[in-house]
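The values are calculated or read from the model by the stated rules, or taken from the named source; none is laboratory data. Quick caveat, the model's predicted, so the values are computed rather than measured. Glycine also receives a Cβ, built like all others from the backbone with ideal geometry; neighbour counts cover every protein chain displayed.
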Amino acid sequence: MIKRTALFLLLAAIGGFACAQTPQQATEGKQYFAIPNPQPTDQPDKVVVTEVFSFACPACNQFEPYINKLRAELPAGTVLEFIPASWHANEDWPVFQRTYFTAKALGLDNPQSHDAVFKAIWGPNGPLQTYDPATQTPKAAANLPKIEDVAKFYGKFGAKPDQFVATANSFAVNLQMKRADQQIVAWGVDSTPTLVIDGKWRLTPASAKGAQQAVDLALYLVNKELATKKAK
């Protein structure tokens, strides 16, 4: 069963848990989990770190500064990737899953635009807000951002709105969305944000007992996988 993003994850994402445990002391099955029958990634010469996320996920928004920190600290031979989830239609997740793959297809996905989408959703007076600031509940479906609204927003990054919408509704983007949903299930991911290391290990800020701990544990597993690749 897919878990909803909850206050527990929000607290974890902002480092609300104090934990003196080092990554070396982390226990498989508690702080991180082996993915059964892992499949090779599409970049076998690198260690691939994947965040399963949604722009419309409040915990992912809280975790975003730590993703940027992880990005900056990843060693050579590592690549950071993203897979957007589509679980909560009432919170606009499918639209923002489509958004991510469209921006990527058009060469518009980069750290700056990635951060900007989070700010547009969660910042004060953001043009893509999915929550009513007064009630802190999801907006009515009719008032949620549409892909056309997102296309206008990406205009500041060079998008042509008509091209963005056409690409968003293309067969290629629909296929990527379907494959993303399948990959998330195959990895056993049931909450966001989740980090997957080289398709073999998964962890969350909650399982790691904090956002910084999740970064430290991810880096520890990355270096273990790098060492394994070098030893082959």
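Summary table below
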quantity: Selection within segment 100-130 - farther than 16 Å from PHE157 by Cα and in contact (Cβ under 8 Å) with a residue 12 or more places away in the chain; calculated: ILE121, TRP122, GLN129, THR130
quantity: Subset of segment 127-137 (residues that are at pLDDT 95 or above and either among the β-branched types (Val, Ile, Thr) or surrounded by fewer than 17 Cβ atoms within 10 Å (Cβ to Cβ) (or both)); calculated: PRO127, THR130
quantity: Any hit, segment 89-111, residues being part of a loop (DSSP other than H, G, I, E, B), at positive phi and over 17 Å from the mean Cα position of the chain (by Cα); calculated: yes
quantity: Matching option when the condition is at pLDDT 90 or above, crowded, with 19+ Cβ neighbours inside 10 Å, hydroxyl-bearing (Ser, Thr, Tyr) and farther than 21 Å from GLY199 by Cα, among THR50, THR99, THR78; calculated: THR99
quantity: Count of segment 152-169 residues which are in contact (Cβ under 8 Å) with a residue 40 or more places away in the chain and either of a type in the set (Gly, Ala, Ser) or closer than 21 Å to GLU81 by Cβ (or both); calculated: 6
quantity: Qualifying positions in segment 154-185 - outside any helix (DSSP H, G or I) and under 27 Å from GLY199 (Cβ atoms); calculated: SER170
quantity: First in segment 59-87 and at positive phi, second anywhere and surrounded by fewer than 18 Cβ atoms within 10 Å (Cβ to Cβ), Cβ under 7 Å, 6 or more apart; calculated: GLY77/LYS46; GLY77/LEU226
quantity: Hey, PRO193 in contact (Cβ under 8 Å) with a residue 40 or more places away in the chain, touching an Asp or Glu at 6+ places or on another chain (Cβ under 6 Å) and not charged (D, E, K, R) or not; calculated: yes
quantity: Among (1) assigned to a helix (DSSP H, G or I); (2) at pLDDT below 95, the one test that HIS114 misses; calculated: (2)
quantity: Search result, residues across segment 186-218 that are closer than 23 Å to PRO44 by Cβ, assigned to a helix (DSSP H, G or I) and under 15 Å from the mean Cα position of the chain (by Cα); calculated: ALA218
quantity: Of all residues in segment 138-150 being without any contact (Cβ under 8 Å) to a residue 24 or more places away in the chain and assigned to a helix (DSSP H, G or I), the one that is surrounded by the most Cβ atoms within 10 Å (Cβ to Cβ); calculated: ASP149
quantity: Per-region count, segment 180-222, residues closer than 15 Å to LEU80 by Cβ and polar (S, T, N, Q); calculated: 1
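Matching residues to (1) within 19 Å of VAL173 (Cα to Cα); (2) modelled with pLDDT under 95; (3) surrounded by 23 or more Cβ atoms within 10 Å (Cβ to Cβ); (4) touching a Leu at 6+ places or on another chain (Cβ under 8 Å):
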| position | (1), (2), (3), (4) |
| --- | --- |
| ALA85 | yes, no, yes, no |
| ASP92 | yes, no, yes, yes |
| ALA105 | yes, no, no, no |
| ALA120 | no, no, no, yes |
